[in-house]
1. Taking helices (runs of 4 or more DSSP H) that do not extend beyond the stretch 114-218, which have at least 1 residues that are closer than 26 Å to Pro256 by Cα and open to solvent by less than 40 Å² (accessible area, probe 1.4 Å)?
2. Take the residues in the stretch 8-42 that are open to solvent by 20 Å² or more (accessible area, probe 1.4 Å) and acidic (Asp, Glu), then tell me which one is nearest to Leu287 (Cα to Cα).
3. For the stretch 281-296, give me each residue that is part of a helix (DSSP H, G or I) and either of a type in the set (Asp, Glu) or modelled with pLDDT of 95 or more (or both).
4. Here are Gly176, Gly190, Gly105, Gly121: which of them is more than 22 Å from Glu218 (Cβ to Cβ) and not acidic (Asp, Glu)?
5. Scan the stretch 220-232 residue by residue and report those that are more than 10 Å from Asp184 (Cα to Cα) and either open to solvent by less than 30 Å² (accessible area, probe 1.4 Å) or part of a helix (DSSP H, G or I) (or both).
6. Only one residue in Leu217, Leu188 is closer than 20 Å to Lys80 by Cβ and at pLDDT 95 or above, so which one is that?
7. Residues that are open to solvent by less than 60 Å² (accessible area, probe 1.4 Å) and in contact with a Phe, Trp or Tyr (Cβ under 9 Å, 6 or more places away or on another chain): does the stretch 79-88 have at least one?
8. Of all residues in the stretch 20-54 being of a type in the set (Lys, Arg) and assigned to a loop (DSSP other than H, G, I, E, B), which is modelled with the highest pLDDT?
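The values are calculated or read from the model by the stated rules, or taken from the named source; none is laboratory data. None of these values were measured; they are calculated from a predicted model. Please note: Cβ atoms are built from the backbone with ideal geometry, for glycine as well, and neighbour counts cover all protein chains shown. Ligands, DNA and RNA are stripped out before the accessible areas are found, and what is left, the full protein with its side chains, is counted by its heavy atoms. Shrake-Rupley method; radii C 1.70, N 1.55, O 1.52, S 1.80 Å.
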Amino acid sequence: KNGIHMEEKIVIIDGNSLVNRAFYAIQRPMITKDGMYTQGIYGFLSMLQKIRTDYEPSHMLVAFDRKAPTFRHQQYSEYKAGRKKMPLELAMQLPLLKDVLQAMGIYIFDIDGFEADDIIGTTAAMSEEAGIPAYIITGDKDALQLATDKTSVIITKKGISEFKLYDDAAMMEEYGFDHLQFIDYKALRGDTSDNIPGIDGVGEKTAVKLIQEYGSLESVIEHADELKGSLKEKVKDGATQAIMSKRLATIVKNVPVDYTIDDLKIKAQNTDELINIYTKLEFKTHLNNLLKSRPAEEIKSVPSEYHFEFPTSKEMKVSHCERQNI
């Protein structure tokens, strides 16, 4: 089978989506002695551990967004307008999260002009071509358009430990249409989180019904005259806006990435580097797990400052208040 083993699997993670969810899921702030917020990284690593245990991937990629505008902003200047900016307490954690992932031997990628979704779509297409099953992990339902019989999309639900898996069958069961029709559905109803307009006055239920009946956005527009009541006018008036919305909602699968599937194999971790980072982040549990995996003589050589007590929530609150000058 082109030299591919059956046990090969790739996990493709939406880095921004997961760290965002982790940051908000952990209610109390986790702050180091130096004033570094860490709960986003901590929660991300907990999710990562669960994902690696559940799926045992041979390959991994974590995709990130960049600050630069994407091709979607160029097509529609209001794209994602009104979205809350990432809080500074979370933004400060991203460079360190990337350092952790690299030390773990996990491939990370971002590129100007495209979103993490596009990198994910491109990588899923590459893995399908290589015959390797792919698992996409994200909190963003946009990715459902990538769910096929070879690619599963796992949507994070509540907190940091609940996930729901979508493949072709699950899409049909939940929506009554396939993964590609999900784009048409989104083009009709719009998406407030990305500020994609859709058709004014067409909500979720109407969009589902129209796609189930006509199959695609273009077909809905073509048959607008058959529609009852005010819906006919809404579709006619909103046709151009809906076609633009479909373009915005479509994940690109040909981002000019500079890696191959082989590059995404999980490498051996750099334990020394991880010990350094976990010490800086004051992640006692992660640190102790790493030290346990080292030969005894190496542990003796680890400086005593690597062994510390994790701050209690009371201490955290105090340090947090002091920093706020309360």
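1. Fully inside the stretch 114-218 and qualifying: 116-130, 181-189.
2. Filtering first and then ranking leaves Asp34.
3. Correct list: Leu281 only.
4. Just a single option satisfies the conditions, and that option is Gly105.
5. Within the stretch 220-232, Ile221, Glu222, Ala224, Asp225, Glu226, Leu227, Gly229, Ser230, Leu231, Lys232 qualify.
6. Matching residue, one of Leu217, Leu188: Leu188.
7. yes
8. Of everything passing the filter in the stretch 20-54, Lys33 is modelled with the highest pLDDT.
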